[in-house]
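The values are calculated or read from the model by the stated rules, or taken from the named source; none is laboratory data. Since this is a predicted model, take the numbers as computed values, not measurements. Neighbour counts are summed over all protein chains in view; Cβ atoms, including those assigned to glycine, are modelled from backbone coordinates with ideal geometry.
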Amino acid sequence: MTDGMLPDSAINAGAAAIREGAVVAFPTETVYGLGANAYDPIAVARVFELKGRPRFDPLIAHVASETQAAELVARIPDSALALMRAFWPGPLTLVLPKSDRVPDLVTAGLATVAVRLPAHPVAHALIERAGVPIAAPSANRFGGISPTTAAHVRAAFGASLRWVLDAGPCPVGVESTVVAVDAETGRCVLLRAGGIALESLRAVRDVDIPSSPLHRIASPGQLDRHYAPSTPLDLLGAAPEPGSNERVGLLAWRRPDSNEGYAAVEILSETGDLREAAAALFAAMHRLDALGLDRIVAIPVPETGLGLAIMDRLRRASHRG
Ligand code: TXA
Ligand code: MG
């Protein structure tokens with residue numbers, strides 16, 4: 001299946017599996033998710049087990065309607081409502097005070113819950129038919145590159161994951177933008193750059209960029225090293241030119257002036273379109289990583305629009321130690 005939709009029977013089977021407590025990998029418009037019934041702590045524990053996270057990071061609860069979102073949160077400030085109305089369904093996750101219905105394992109014990117209403121038709125149908133919110137991280141093993149195809153998911157989990165709904169490549173290609181909304185003041189803070197550009201959010205509401213590293217703690221999933229290929233990755237400028245005795249891959253967001261000396265080249269967008277580049281990013285990283293290169297060099301992208309999310313992922317992928 002590559003057209004973004006699946007037969008009813010496949011979605012119904014996945015929804016039944018979710019209700020029975022199984023873990024189901026499913027497509028969203030951003031990346032594939034590794035989903036479980038958000039109301040079933042045992043099912044959610046299976047997600048952590050499969051991912052191999054060293055500790056419990058808070059997960060995003062995926063919903064099929066605003067009503068379902070309202071079950072998960074204690075309060076929706078006006079600013080959050082304005083962002084929901086503008087960007088749902090779509091790649092925006094809102095962090096809000098949680099209701100008593102949300103198990104602690106979903107939020108890693110935090111008093112807040114991350115909620116998102118995905119735009120992908122398969123994700124939407126799966127959640128609706130399961131009849132429960134689906135808690136899901138990206139469907140990669142801990143620290144690895146996020147999956148934008150079902151093949152990436154299968155390569156990461158193999159036979160340990162029975163349920164993979166394959167609806168082709170994810171159209172957006174980078175994870176959702178995460179915004180925390182203060183329940184008292186309504187203040188919005190960007191926790192992760194992603195599929196909705198900061199400029200678009202700001203056309204609707206003020207969104208602050210955290211200035212202090214305290215927000216690392218506010219969003220515990222934001223480890224420095226993340227989305228990382230097993231091949232060392234450097235940003236161009238921070239890395240030496242390829243030597244003659246090494247095989248180096250080039251990850252370029254548009255056609256580079258020169259790619260001489262590189263053993264492999266991935267061009268994310270011929271025309272330098274950042275949306276196209278975001279959609280192609282993780283698949284290109286997976287391909288370069290599979291070549292057994294000595295290292296990968298990435299060309300920095302301008303940090304406007306989706307470029308902010310792309311640079312965030314490249315910086316994390318290049319972080320060592
Ligand atoms: O696009 C996406 O968001 C994908 C698809 C599957 O929906 N999901 C995803 O999940 O990227 P994950 O687990 O890889 O990233 C979730 C991010 C992490 O940075 C986590 O720390 C943050 O959301 N997060 C979740 N709950 C939070 C909370 N209560 N407070 C602050 N940050 C939270
Ligand atoms: Mg992830």
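Close contacts from the range 169-182, counting a first residue that is on the phi > 0 side of the Ramachandran plot and a second that is of a type in the set (Val, Ile, Thr) and within 10 Å of ligand 1 (Cβ to nearest atom), with Cβ to Cβ under 6 Å and a gap of 6+ residues or different chains, come to none at all. Total residues in the range 43-62 satisfying the condition of being within 11 Å of ligand 1 (Cβ to nearest atom) and acidic (Asp, Glu): the figure is 1. Taking every residue in the range 246-270 that is over 20 Å from Ala280 (Cβ atoms) and in the same structural domain as Ile310 (by TED's automatic domain parsing) and pairing it with any residue that is in a strand (DSSP E or B) and not polar (S, T, N, Q), at least 6 positions away or on another chain, the pairs with Cβ-Cβ distances below 8 Å are Glu246/Arg295; Arg247/Ala264; Gly261/Val248.
Selection within the range 83-118: residues that are under 20 Å from the mean Cα position of the chain (by Cα) and among the β-branched types (Val, Ile, Thr). The member of this set that is nearest to Ala36 (Cα to Cα) is Val106. In the set Arg141, Arg192, only one residue is under 17 Å from Thr93 (Cβ atoms), assigned by TED's automatic domain parsing to the domain that holds Val204 and within 14 Å of ligand 1 (Cβ to nearest atom); that residue is Arg192. Quick check on the range 205-214. Is at least one of its residues modelled with pLDDT under 95, away from ligand 1 (no atom under 16 Å from the Cβ), under 30 Å from Pro77 (Cβ atoms) and among the hydroxyl-bearing types (Ser, Thr, Tyr)? Within the range 205-214 (the criterion being modelled with pLDDT under 95, away from ligand 1 (no atom under 16 Å from the Cβ), under 30 Å from Pro77 (Cβ atoms) and among the hydroxyl-bearing types (Ser, Thr, Tyr)), the answer is yes, since at least one residue qualifies.
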